[in-house]
1. If I filter segment 123-166 down to residues being more than 15 Å from residue 26 (Cβ to Cβ) and in a strand (DSSP E or B), which single residue comes out as nearest to ligand 1 (Cβ to nearest atom)?
2. Conditions first: (1) in contact with a helix residue (DSSP H, G or I) (Cβ under 9 Å, 6 or more places away or on another chain); (2) at pLDDT 95 or above; (3) not in a strand (DSSP E or B). Residue 233 passes all but one, so which condition is the exception?
3. Based on this model, can you work out whether residue 260 counts as crowded, with 22+ Cβ neighbours inside 10 Å, modelled with pLDDT of 95 or more, under 24 Å from the mean Cα position of the chain (by Cα) and more than 17 Å from residue 335 (Cα to Cα)?
4. Quick check on my filter: what residues within segment 86-100 are buried (at least 19 other Cβ atoms within 10 Å of the Cβ), assigned to a loop (DSSP other than H, G, I, E, B) and out of contact with any Cys (no Cβ under 7 Å at 6 or more places or on another chain)?
5. Could you count how many residues in segment 140-151 are surrounded by fewer than 24 Cβ atoms within 10 Å (Cβ to Cβ) and either in contact with a Lys or Arg (Cβ under 9 Å, 6 or more places away or on another chain) or at pLDDT below 95 (or both)?
6. Please work out if residue 306 is under 19 Å from the mean Cα position of the chain (by Cα) and in contact (Cβ under 8 Å) with a residue 24 or more places away in the chain.
7. I'm trying to understand the selection: among the residues of segment 75-114, which are small (Gly, Ala, Ser) and either within 16 Å of ligand 1 (Cβ to nearest atom) or touching a Pro at 6+ places or on another chain (Cβ under 7 Å) (or both)?
Amino acid sequence: MGGPASGHSRAIVQTAPRCLEMRELPLPAIGPEDGLLQVEACGICGSDYEQFQGALPVRFPVIPGHEPVGRIAALGAEAARRWGVREGDRVAVEALIPCGFCRACVSGAYRLCGGHGRMNAYGYLGLDVPPGLWGGYADYLYLDPHALLHRIDDRIPPEIATLFNPLGAGFRWAVDMPGLRVGDTIVILGPGQRGLASVIAAREAGAGCVIVTGLAADERKLSLAKEFGADHAINVEAQDPISAVREITGGAMADVVVDVTAYAVEAVNQAVGLARRGGTVVLAGTKGPKPVPDFLSDRIVFKELTLKGAFGVDYDSYERAVRLIESGKYPLERLHTHTLPLADAERALRLLAREEPSEDAIHIALVP
Ligand SMILES: [Zn+2]
Ligand SMILES: [Zn+2]
């Protein structure tokens, strides 16, 4: 194993679509404004699989992984002051590394930062950008001076701590963006890790009725959704979701609809049909990219819907996620199905994408 003593870090490097290899990379020298994280666990995101397949505009070679949790192994004095952390502290690291100066950053929308002229984020910056250790599938991660960190309690198992990502998404996509209010009815399309996280976030925000949809193959996830507080779970292959929600709500339909399905273009039309007049639809699941057939924009006009696209999470939502994990209020270990070593990165990605159908994966973490 690598480490400060050896001066090296093991890392899973993607060299081409569906090509991963283990390499040893040198650890960088740390200056006053940056640091080094010893990775304890890295969550695997649905987009990691798209990256693995080559469906994202990422330049190779690259170390994937943008959901890391770990301990600070080295830290500059100025970085310690700015971040309010010390060596040995455990932190969760946000994916995006904002520039801090562009219009988006200054106005608080740092997710849309364009100051670097490209996607400046962990798991996406290539080995060609010094010092190269930009991915969470490794023993060590470079902490850029602009990285965003969240302290997280030592007592949380690291693989559970990586749930700060899906939970942060739940708070932003299901609560903040649509302005979910106490008593609202929310329909969540897709019962994957972000769908289940949206159930928890909606419950925390006081939703009156939480409805989740999925496929027949999602049976286990749909029953987990109910354990985490969903009032209804609909198998869309057995039941038309629009008539089901009409029945559940007495015709009122949903105040908020969140689409977190991946690749499922029909979910967009469903979302428009499920929202009440004047309701809000948040689109967060990406489609591959494929067009939505039979999309009737007039339905948005006549129903005066608000349609929002959600890209990433923000600092405030991540903070709420971390505090919720620390509270121990939910049995989050029920969401975490697999912990795998770095060397099994490819298997982890295939499990998440159901390429190995024997196991029902929800949340997976790689642990160096
Ligand atoms: Zn992600
Ligand atoms: Zn910026």
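The values are calculated or read from the model by the stated rules, or taken from the named source; none is laboratory data. Remember, predicted model here, so these are calculated numbers, not experimental data. Note that we place each Cβ from the backbone using ideal geometry, even for glycine, and neighbour counts take in every protein chain shown.
1. Per the stated criteria, the residue is 150.
2. Failed condition: (3).
3. Details: crowded, with 22+ Cβ neighbours inside 10 Å: yes; modelled with pLDDT of 95 or more: yes; under 24 Å from the mean Cα position of the chain (by Cα): yes; more than 17 Å from residue 335 (Cα to Cα): no.
Judged against the criteria, residue 260 is not a match.
4. 94, 95, 97, listed by residue number.
5. 2
6. no
7. 76, 77, 79, 92, 95
Here is a yes/no grid of residues against (1) modelled with pLDDT under 95; (2) in a loop (DSSP other than H, G, I, E, B):
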{"position": "281", "(1), (2)": "no, no"}
{"position": "285", "(1), (2)": "yes, yes"}
{"position": "289", "(1), (2)": "yes, yes"}
{"position": "300", "(1), (2)": "no, no"}
{"position": "312", "(1), (2)": "yes, yes"}
{"position": "319", "(1), (2)": "no, no"}
{"position": "323", "(1), (2)": "no, no"}
{"position": "330", "(1), (2)": "no, yes"}
{"position": "333", "(1), (2)": "no, no"}
